[in-house]
Amino acid sequence: MSDPDQNFPDTPVLILAPTGNDALNAANVLAKIGVPSQICRTMAELCRMANDSTGVLVVTEETLDLDSMGCLRDHLKQQPPWSDIPVVLLTRDGEVRQKVHDILNFLGPHGNVSLLERPLRAITLISVLKAALRSRRHQYEVRDLLESYSLAVEGAQLGSWDLDWKTDTSRRSLKHDQIFGYTTAQPHWGFHTMIEHVIPADRPLVKDAFGRALAGEGLMFEARIRWPDQSLHWISIRGRVYSNGEAEPVRIAGVVIDITQRKEMEEAARIQRERLDLVLEKTEVGLWFWDLPSGKLVFNSRAKEHFALAQEAEASMPIAFEHIHPDDRERVQKAIAEALEGLRPYDIDYRILTSKERWVRAIGRVFTD
């Protein structure tokens with residue numbers, strides 16, 4: 001009886017392995033863990049069947065001639081932004097040959113490829129495919145979040161306003177006044193009326209933003225306001241200044257949106273980050289981030305401890321390599337290069353030079369624009 005993993009998306013695995021028993025063996029293994037699969041006869045068929053609901057693509061090395069690779073790459077390039085469908089490439093027995101490197105290079109950043117050497121062991125195949133399906137599940141979660149965000153943006157109602165700078169009077173939409181806490185349109189609204197609704201701590205920021213806009217910059221700021229019921233809300237205002245023929249500012253027009261929910265979410269995220277930091281303090285996990293364009297390397301406090309760096313010290317790749325055991329540096333450099341080229345994920349063990357020898361495991365992933 002199958003024992004489906006409820007954490008997996010209900011999505012099929014497409015298999016292209018036209019020679020031998022690889023396709024049938026893989027399908028039987030997937031059936032045992034409750035994952036649906038479908039065997040394809042050609043790359044063209046696989047590319048026709050593959051869509052957003054497909055969980056994983058399993059293909060063999062020998063099926064990827066130039067035409068098939070082109071077909072696969074074109075399909076992968078057409079994925080929506082959230083999608084990075086996992087591809088499991090079944091290679092032949094022995095060391096990875098030049099053809100496999102050529103396949104990985106040809107697919108480039110469009111291919112989320114894992115290599116699996118034949119002959120296949122059922123337990124290895126299950127492990128790799130489960131990992132790939134978990135990755136796909138996370139992609140669906142991202143898709144759902146993006147769709148929710150898109151619906152929120154489409155449904156957002158902006159308040160429009162057009163201010164006569166000389167008379168301090170304005171024309172506004174009803175939504176504008178509602179964003180400031182009123183259910184009906186107010187008889188008068190101007191710059192000074194708006195400033196009265198801004199909390200005292202944010203008034204200098206707002207006045208400075210208008211001053212810079214009158215000097216030629218765009219109008220853009222976020223501030224806190226008080227509604228008539230004294231509740232606190234956040235607004236974001238965007239606008240521009242219009243001048244007369246004598247280059248004198250006469251009008252300022254723009255939009256306003258209530259960003260209270262976003263600010264609350266940012267605050268909740270900040271609290272979550274602080275909680276995560278507290279949890280990580282109790283573990284041996286160090287976090288790091290390497291910004292490739294700028295070359296900036298960021299370590300959290302635990303990562304600095306692993307590299308025997310002072311908490312106030314700046315991290316950099318040269319400094320990090322100084323703390324890696326000389327016998328391990330070449331391996332680390334090779335692992336980084338292969339990760340950057342998309343050949344394999346970054347996952348390596350090496351020694352750190354401290355008062356006593358310390359082994360660490362470094363895991364990372366390359367993200368591209």
Checklist outcome for this item: Classified through the alpha carbon gyration tensor (a ≥ b ≥ c as square roots of its eigenvalues; rounded if a/c is under 1.5, else prolate when a/b is larger than b/c, else oblate), the stretch 48-152 comes out oblate
Checklist entry - With the Cα gyration tensor of the chain giving a ≥ b ≥ c as the square roots of its eigenvalues, does the rule (a/c under 1.5 for rounded; else a/b larger than b/c for prolate; else oblate) give rounded, prolate or oblate? => result prolate
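Taking 30 Å as the cut-off for C-alpha to C-alpha distance, list the pairs among LYS99/LYS130; LYS175/LYS263; LYS130/LYS263 that go past it. Numbers along the way, then the final one.
Working: LYS99/LYS130 26 Å; LYS175/LYS263 20 Å; LYS130/LYS263 37 Å.
Table pairs above 30 Å Cα-Cα are LYS130/LYS263.
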Next on the checklist: Check which residues have an amide H placed less than 5 Å from SER37's amide H, if you skip close sequence neighbours.
Outcome noted: VAL13
Checklist entry - Under a 5 Å amide H to amide H cut-off, with H placed in plane at 1.01 Å, what residues pair with VAL113 once short-range neighbours are removed? => result VAL87
Checklist entry - Cβ under 9 Å from TRP359's Cβ, TRP359 left aside: what net charge do those residues give with Lys, Arg +1 and Asp, Glu -1? => result +1
Checklist entry - Tell me, what HN-Hα J-couplings in whole Hz come from the Karplus equation 6.51 cos²θ - 1.76 cosθ + 1.60 at θ = phi - 60° for each residue of the stretch 308-314, using x for Gly and Pro? => result 6, 9, 5, 4, 8, 6, 7
Checklist entry - Just how far, in whole angstrom, is the stretch 247-293 from the stretch 60-90 if you go by their alpha carbon centroids? => result 36
Item to check | Accessible surface of the chain, 1.4 Å probe, proportion on carbon and sulfur as whole % | outcome: 53
Item to check | Highest-MSF residue in the chain out of ARG118, ARG171, ARG344 [GNM, Cα springs under 10 Å] | outcome: ARG171
Item to check | For SER170, distant residues with modelled amide H under 5 Å away | outcome: ASP164, TRP189
Checklist outcome for this item: Counting Lys and Arg as +1 and Asp and Glu as -1 over every other residue whose Cβ sits under 13 Å from the Cβ of ILE15, the net charge comes to -1
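Please calculate how many Å² of accessible area the stretch 148-284 carries per residue, with a 1.4 Å probe and no DNA, RNA or ligand atoms counted.
63
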Next on the checklist: Give me a comma-separated list of calculated 3J(HN,Hα) values for the stretch 236-252, in order, Karplus coefficients 6.51, -1.76, 1.60 applied at θ = phi - 60°, integers in Hz, x for any Gly or Pro.
Outcome noted: 10, 10, 10, x, 8, 9, 10, 10, 8, x, 9, 6, 9, x, 10, 9, 10
Checklist outcome for this item: Cross-link reach from LYS296 to aspartates and glutamates, straight Cα distance under 12 Å and at least 8 residues apart if same chain, gives GLU314
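Let me have the relative contact order for the chain, percent, based on Cα pairs under 8 Å that are six or more residues apart. It would help to have the intermediate numbers written out before the result.
Numbers: 546 pairs, mean separation 35.2, N = 369.
Computed over the chain, the figure is 10 percent.
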Item to check | Efficiency of FRET from Cβ geometry, ASP52 and ASN21, R₀ 45 Å, rounded to 0.05 | outcome: 0.90
Checklist outcome for this item: Scan of the chain for GluC sites (Glu not before Pro) in DSSP loops with at most 14 other beta-carbon atoms within 10 Å gives a longest site-free stretch of 96-216
Next on the checklist: Spelling out what I want: for every residue of the stretch 46-52, take phi, set θ = phi - 60°, compute 6.51 cos²θ - 1.76 cosθ + 1.60 (Karplus), and round to whole Hz; glycine and proline get x.
Outcome noted: 4, 5, 5, 7, 5, 8, 4
Item to check | Simple label model, 7 Å out from Cα along Cβ direction - GLN38 to ASP229, nm | outcome: 5.3
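Please report the antiparallel percentage of the DSSP beta bridges confined to the chain, to the nearest 5. Mind dumping the intermediate values first?
Working: 40 of 58 bridges.
The antiparallel proportion sits near 70 percent.
The values are calculated or read from the model by the stated rules, or taken from the named source; none is laboratory data. Just so it is clear, the model here is predicted, and its values are computed rather than measured. A quick note on method: Cβ atoms are made from the backbone with ideal geometry, for glycine too, and the neighbour counts reach across all protein chains shown. Heads up: the accessible areas ignore ligands, DNA and RNA and are worked out on the full protein's heavy atoms, side chains in. Shrake-Rupley method; radii C 1.70, N 1.55, O 1.52, S 1.80 Å.
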